[in-house]
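Comments concern the structure below.
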Amino acid sequence: MPATVVVGTQWGDEGKGKVVDFLAERADIVVRFHGGANAGHTVKALGKTLKFHLLPSGIIRPDVVNIIGNGVVVDPETLLQEIETLEAQGFSARNLKLSDRAHVVLPYHKEMDALEEKLKGAQAVGTTLRGIGPAYADKASRLGVRMHDLLEEDSLRERIESSLQTKQVLFREFGKATELRVENLVKVYLGYGKRLAPLLTDTSRYLNEALREGRRVLFEGAQGTHICLDHGTYPFVTSSDCVAGAASTGTGVGPAHLQTIIGVLKAYTSRVGSGPFPTELQGEQGDRIREKGEEYGTTTGRPRRVGWLDLVMINHSVRVNGLTSMALTKADVLGGLPEVLVATGYEVEGRTMEEMPAAVSKLSKARPIYATLEAWPDLSNEEWRKAARNGFGGLPEALQEYCRYLTRMTHVAVNLISVGPERQETVHLESGPPGAPLG
Ligand code: IMP
C-alpha cells in the first residue's frame, strides 16, 4: 500500500481471491480492472463460502469501498444477480461503485462467443462462453455499449443497432438466426441502467482523489499472466490484458502510483481450456492433486488440467509484471506426496530453453527439465492452522525450504504463504523467507 496490485502468475485460478480478501484488511478500496464474469473468485470467510465473478473480493468487508473499473466488461444481469445473492447472505453492496465508462456485455456477445468457438473447431480456445472476447472486440472496433449508454434511450438504441447489424449478417450466414431484437434489448438494458444508475461513478476521478488523500488501494487482477492477451500463450488466452500495467489503463490511475506488485502462484499449476501445458500431469498423480485441490472451474464447473509448478512461466511473469513479492497458495494440497517436482527449463527440439517461446507450436513440444524437491507431510486442517499460527518457522521444514528455493530461483521474495482456504491459514512475512537472499 498505498497502491498495491495483485496479479496471477500462471493460467488463472491461483487463489487470488483469498489473497485479496486477506490483504483487504489493510485496504480502503479494492478495484477490479479487467476481465468480466469469466473470472471466478472464491472467498471463505465468516463461516461462509462466497463465489464472485464480477464483484471485487473486498465486498464482504463493510469498511472497504469496492470498484469495478473502466477496463472491466460488465454483464449487468450477472452483476445484479451477484448483488442479490450477496445481500441474501447478509452482506451489503452499499460500498460498490461502477465505472460509467465500463463496457457492457450483451446477449449477442455470448451468442458470438459460442458461434466463434464452434467455427474454430479443433482450434477452439475453450472459452467460458460469457461473451468476453466479442465484448472486447466490439470495444476495439468502436461498436461497444458503455455503462453510461444505459441511461439514455436514444444513445443506447443507436449503439445496439450499429453493433447488432454486423452480427446479424454473420448469424444469418451461419444459419443461426438470433431471436434478439433491438427494441427488446433497449427495453431490458434501460431497465438494468435504471437499477445500476446509483452505482455509476467517474471512478478514475474517485481513485485519484482517494490516492491524493493517502487512502490505500488494492487492485485485484483476474485470470493470469499466461492467459493475458499480450503476454500469454496466444491464441489460447482471454481477451484482456491481465498484467499489472493493466491496473493503470483499466482504472485511469497513472502507473507511477503502482508501487507494490504481488504475484500469486499456486504451489502447482492448473489450466482450464485449451492450449499447451508443458508440466501437465496425466493419470493418478494429476487426479489426486485435482481432487485434493478442488480444481473445478468456479465459473464453468469444468475439471481443471493440473501439473507441476513451472518456473519458466513464473520467471516470465516476474518480468512482465515487475513483481515486487509473491504469494504462494495451496501449499497444503501437495502435502503427503512422495516428492515435489518443479520445472526449471524446457527442452525444445534438442535445445534447452529457460524462456517461454512466443509460438505455441514450440511450447507444445517443450519437455520440462525438472528439479526434485523434498515433499512436506500431509497435515490436517487443524494442524495447518496451528502451524500458521506459529508463523513461517511453524511450517514444515520442507515447505520452508520450498519457499526459500522459489525466492532464490526468481529473485522475488515469497512473503505470503497460504496453507488453506481460511484467513487464519495464512503466514505473512514483512520481508522474504529467512535464509533466502534475493541476489
Ligand atoms: P474467455 O475469457 O471466456 O474468453 O476464455 C478464454 C480462455 O481463458 C479460456 O481458456 C478460459 O478457460 C480462460 N479463462 C478465462 N477466465 C478465466 C479464469 O478466471 N480462470 C482461469 N481461466 C480463465
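Here are the numbers for this structure:
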item: Filter result (in contact with a strand residue (DSSP E or B) (Cβ under 7 Å, 6 or more places away or on another chain) and open to solvent by less than 10 Å² (accessible area, probe 1.4 Å)) within region 25-40; result: ALA27, ILE29, VAL30, VAL31, ARG32, PHE33, HIS34, GLY35, GLY36
item: Count of region 25-53 residues which are away from the ligand (no atom under 14 Å from the Cβ) and among the small types (Gly, Ala, Ser); result: 3
item: Any hit, region 158-170, residues being touching a helix residue (DSSP H, G or I) at 6+ places or on another chain (Cβ under 6 Å), open to solvent by 30 Å² or more (accessible area, probe 1.4 Å), part of a helix (DSSP H, G or I) and acidic (Asp, Glu); result: yes
item: Single unsatisfied condition, ALA247 versus (1) part of a loop (DSSP other than H, G, I, E, B); (2) more than 16 Å from the ligand (Cβ to nearest atom); result: (1)
item: Long-range neighbours under 6 Å by Cβ, at least six apart or interchain, first residue touching a residue at least 60 places away in the same chain (Cβ under 8 Å) within region 425-439, second open to solvent by 30 Å² or more (accessible area, probe 1.4 Å) and not β-branched (Val, Ile, Thr); result: GLU425/ARG385; THR426/PHE22
item: Checklist (1) open to solvent by less than 20 Å² (accessible area, probe 1.4 Å); (2) more than 14 Å from the ligand (Cβ to nearest atom); (3) in contact (Cβ under 8 Å) with a residue 40 or more places away in the chain applied to PHE22, failing item; result: (1)
item: Count of residues meeting criterion [surrounded by fewer than 19 Cβ atoms within 10 Å (Cβ to Cβ), within 12 Å of the ligand (Cβ to nearest atom) and modelled with pLDDT of 95 or more] in region 277-302; result: 0
item: Qualifying residue in region 373-386 (condition: assigned to a strand (DSSP E or B), more than 25 Å from the chain's Cα centre (by Cα) and over 17 Å from VAL318 (Cα atoms)); result: yes
item: Filter result for ALA267 (assigned by TED's automatic domain parsing to the domain that holds GLY420, hydrophobic (A, V, I, L, M, F, W, C) and within 24 Å of ASP75 (Cα to Cα)); result: no
item: Hey, VAL253 at pLDDT 95 or above, away from the ligand (no atom under 16 Å from the Cβ), assigned by TED's automatic domain parsing to the domain that holds TYR402 and open to solvent by less than 20 Å² (accessible area, probe 1.4 Å) or not; result: yes
item: Only one of HIS226, HIS231, HIS148 that is surrounded by 14 or more Cβ atoms within 10 Å (Cβ to Cβ), in a helix (DSSP H, G or I) and within 16 Å of the ligand (Cβ to nearest atom); result: HIS226
item: Looking only at region 206-223, and only at residues there that are charged (D, E, K, R) and touching a residue at least 24 places away in the same chain (Cβ under 8 Å), the one that is most open to solvent (accessible area, probe 1.4 Å); result: ARG216
item: Filter result for THR128 (within 15 Å of the ligand (Cβ to nearest atom), outside the structural domain of ARG26 (by TED's automatic domain parsing) and crowded, with 19+ Cβ neighbours inside 10 Å); result: yes
item: Test: LEU341 is at pLDDT 95 or above, in contact with a strand residue (DSSP E or B) (Cβ under 9 Å, 6 or more places away or on another chain), part of a strand (DSSP E or B) and closer than 17 Å to ALA375 by Cα; result: yes
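Residues checked against (1) open to solvent by 60 Å² or more (accessible area, probe 1.4 Å); (2) in a helix (DSSP H, G or I); (3) among the basic types (Lys, Arg); (4) closer than 25 Å to THR42 by Cα:
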| residue | (1), (2), (3), (4) |
| --- | --- |
| VAL318 | no, yes, no, yes |
| LEU323 | no, no, no, yes |
| LEU337 | no, no, no, no |
| GLY345 | no, no, no, no |
| MET356 | no, no, no, no |
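The values are calculated or read from the model by the stated rules, or taken from the named source; none is laboratory data. Computed from a predicted structure; not experimentally measured. Glycine also receives a Cβ, built like all others from the backbone with ideal geometry; neighbour counts cover every protein chain displayed. With ligands, DNA and RNA removed, areas are computed over all heavy atoms of the protein, side chains included. Shrake-Rupley method; radii C 1.70, N 1.55, O 1.52, S 1.80 Å.
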